[in-house]
Amino acid sequence: MAEIRPFSAYRPAPGQEAKIAALPYDVYNRQEACEVVAANPESFLAIDRAETGFGPEVDTYAPEVYERAADLLRERIAEGKFIQEGKPCYYIYEQTMDGRSQTGIVACASIDDYRNNVIRKHENTREEKEQDRIRHVDVCNMQTGPIFLAYRASSVLREIMGEVKAGNPVYDFVSEDGIGHKVWIIDDGKQISDIHEEFARIPSVYIADGHHRCASAVKVGLKRREENPDYTGEEDFNYFLSVLFPDEELHIMDYNRVVRDLNGYDADGFLAEIGQAFRVEEKGTEPFRPGRKGEFGMYLEDQWYCLTAKEEILSSDAVEGLDVSLLQKHLLEPILGIQDPKTDRRIDFVGGIRGLEELERRVHRDMKVAFSMFPTSIGELFAVADAGRLMPPKSTWFEPKLRSGLFLHTL
């Protein structure tokens, strides 16, 4: 059962939220992060990516970068740009994108639930990516970027969120990318108790996005346990900052593929090879978006095609039956020679937020062929995680992204 706790958040002082809220640290490269902070010095990215305060001669992962992050955080709290709740609360965080809203409960999840698989994963993490956030959280003594968790929808939680949202939000703003953000505080004792009890009835929650942030938060908690051998389990370092969304409200976008060459084939030979596992239908020059599972778009030599997986390659297995697996196993690997999409530099991945036109641009610029995907469903994600399996790389793209800086959890 999931242990999901209220906490006393640090959050932006009223009127500061729009300036402070920032996209996750890992959506930017260093140059892009520097440009964001130069345009808005109040952005939380100045703390999440504190190398923006140094010249290029200072390494992104130098010790002074993490010290600067901690110093900036303390300074901004001292200046009153952040306030702390006087008691443990839950929060509601609603995001609206293109007329569609998703509403999550902001809380703290247990590192033990992560370790015992109550919090389920669908993706591997890499040690080198974890180390940066481990150092950031440890030096700042604070978790600054929430983990995106999902749960199977609950009528009890749905009703409570509806009651709270009938009141006035403490934050209501639209970020520069057009995403609407609203936040409400749940400080009523009965509602807090009911939420805690309801999550305790939910057998599993799932990491939707933020596997590296989650693994890093857990490792910091374990480090603090070693440093405090008399810990009770109640300390804040035993929990990590999360936003939990019901599955019925989540939207996974397509995560598309582009490949640099045809592995020695000409276009006709390539199409003939594809025809062994897929039915191939020419679609003309208008971008083709797959309309169902087992269907793929392909852009080659200024033409779009629909590829439909033949019955004999379909699978009911949680992982092998994913569209990303079908494409990898029956086209990318055997025909294009992409053995390991994690390391092969001939393949790149394009998030669905960029649109199908981005696939055309990439093919015209530096790639030879592009594939548009039907999005992985949240049910497929749950099935893979429930089976204790892992998804292939770049299987899911969640939008909108959670903002950093709206909720901070002190260790």
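Worth a mention:
- Selection from the range 392-411 of residues that are in a strand (DSSP E or B) and within 22 Å of ASP247 (Cβ to Cβ): TRP397, PHE398
- Residue in the range 212-219 that is assigned to a loop (DSSP other than H, G, I, E, B), within 31 Å of the chain's Cα centre (by Cα) and among the small types (Gly, Ala, Ser) present: no
- Candidate set from the range 226-251 (those that are charged (D, E, K, R) and farther than 23 Å from PHE199 by Cβ); member that is surrounded by the fewest Cβ atoms within 10 Å (Cβ to Cβ): ASP230
- Residues located in the range 296-319, provided they are in contact (Cβ under 8 Å) with a residue 24 or more places away in the chain, within 23 Å of LYS283 (Cβ to Cβ) and assigned to a loop (DSSP other than H, G, I, E, B): GLU301, LYS310
- Residues in the range 271-300 that are closer than 21 Å to ARG361 by Cα and either loosely packed, with under 13 Cβ neighbours inside 10 Å or not aliphatic (A, V, I, L, M) (or both): GLU282, LYS283, GLY284, THR285, GLU286, PRO287, PHE288, ARG289, PRO290, PHE296, GLY297, TYR299.
- Some residue of the range 320-334 being of a type in the set (Lys, Arg) and without any contact (Cβ under 8 Å) to a residue 40 or more places away in the chain: yes
- Residue that is closer than 30 Å to GLU17 by Cα, buried (at least 22 other Cβ atoms within 10 Å of the Cβ), of a type in the set (A, V, I, L, M, F, W, C) and not assigned by TED's automatic domain parsing to the domain that holds GLY264, where the choices are LEU381, LEU406: LEU406
- Taken as a whole, the condition of being over 21 Å from VAL350 (Cβ atoms) and aliphatic (A, V, I, L, M) applies to LEU314.
- Residues within the range 157-175 that are within 20 Å of PRO14 (Cβ to Cβ) and in a loop (DSSP other than H, G, I, E, B), tallied: 5
- Taken as a whole, the structure leaves THR343 outside the set of residues that are farther than 15 Å from GLY297 by Cα, in contact with a Ser or Thr (Cβ under 6 Å, 6 or more places away or on another chain) and modelled with pLDDT under 95.
- Residue ID - farthest from the chain's Cα centre (by Cα), chosen from residues in the range 124-156 that are crowded, with 21+ Cβ neighbours inside 10 Å and in a loop (DSSP other than H, G, I, E, B): THR144
The values are calculated or read from the model by the stated rules, or taken from the named source; none is laboratory data. Note that the structure is a prediction, hence the values are computed from the model and not measured. Neighbour counts run over all protein chains shown; Cβ positions are idealised from the backbone, glycine included.
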